[in-house]
């Protein structure tokens, strides 16, 4: 007797199936076009199960597009130089860690989805700010004790977001196909300037007298 196909029951595999489908839809069609009902249908689950696991569209977005690597691990690697060839400066270590994440197809899809969604929706933009700036880049700037860490982190974020859009979304050549080492050198130079440059003192404005 043939088995009648029905919707998935709850469980770890079901949760992962929902996340996988949400990642595809957020990354492929954007935040606004992705709905809980659409994700549920594609994952073959009851929409109430999506709400049960994630609470809201924002919760599903945060779960689906979170990095497969804990940002705290990346921060520690940059500050301590773990797994990095000796003699590399801070900007090179930061660039190498960022590009290592982007080389991971799952992480890259998550980041592209993050960036696309942030452009479309203020709620999604808040999730992106928390992940990229507050949890990743700001701890690096604060960890080395430089002035104006918030501004430096924001500028680094602008570089990373710009790179994702230009290389992976718009595919501007020759950036879209440039080799990893050439890209590393270019990105490292910019991040080093943002992290350690003395220009940030100008943000205080002219001194009174």
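A few points about this structure:
- Verdict on residue 113 being closer than 17 Å to residue 79 by Cβ and touching a helix residue (DSSP H, G or I) at 6+ places or on another chain (Cβ under 6 Å): no
- Residue 107 vs. criteria crowded, with 20+ Cβ neighbours inside 10 Å, assigned to a helix (DSSP H, G or I) and in contact (Cβ under 8 Å) with a residue 12 or more places away in the chain: no
- Of all residue pairs spaced 6 or more apart or on separate chains, those with beta-carbon atoms under 6 Å, a first member in segment 128-143 that is farther than 12 Å from residue 94 by Cα and a second member that is surrounded by 24 or more Cβ atoms within 10 Å (Cβ to Cβ) are 128/114.
- The set of residues in segment 186-200 being exposed (fewer than 15 other Cβ atoms within 10 Å of the Cβ) and either without any contact (Cβ under 8 Å) to a residue 12 or more places away in the chain or under 18 Å from the mean Cα position of the chain (by Cα) (or both) consists of 186, 197, 198, 199.
- Restricting attention to segment 28-77, the residues that are within 25 Å of residue 138 (Cα to Cα) and part of a helix (DSSP H, G or I) add up to 14.
- Answer from 166, 153, 117 - the residue that is buried (at least 16 other Cβ atoms within 10 Å of the Cβ), at negative phi and more than 12 Å from the chain's Cα centre (by Cα): 153
- Residues considered: 82, 123, 88. Of these, the only one that is assigned to a helix (DSSP H, G or I), at pLDDT below 80 and surrounded by fewer than 16 Cβ atoms within 10 Å (Cβ to Cβ) is 123.
The values are calculated or read from the model by the stated rules, or taken from the named source; none is laboratory data. What you are looking at is a predicted structure, and each value in this text was computed from that prediction instead of being measured. Here the Cβ is made from the backbone with ideal geometry for all residues, glycine too, and neighbour counts use every protein chain on show.
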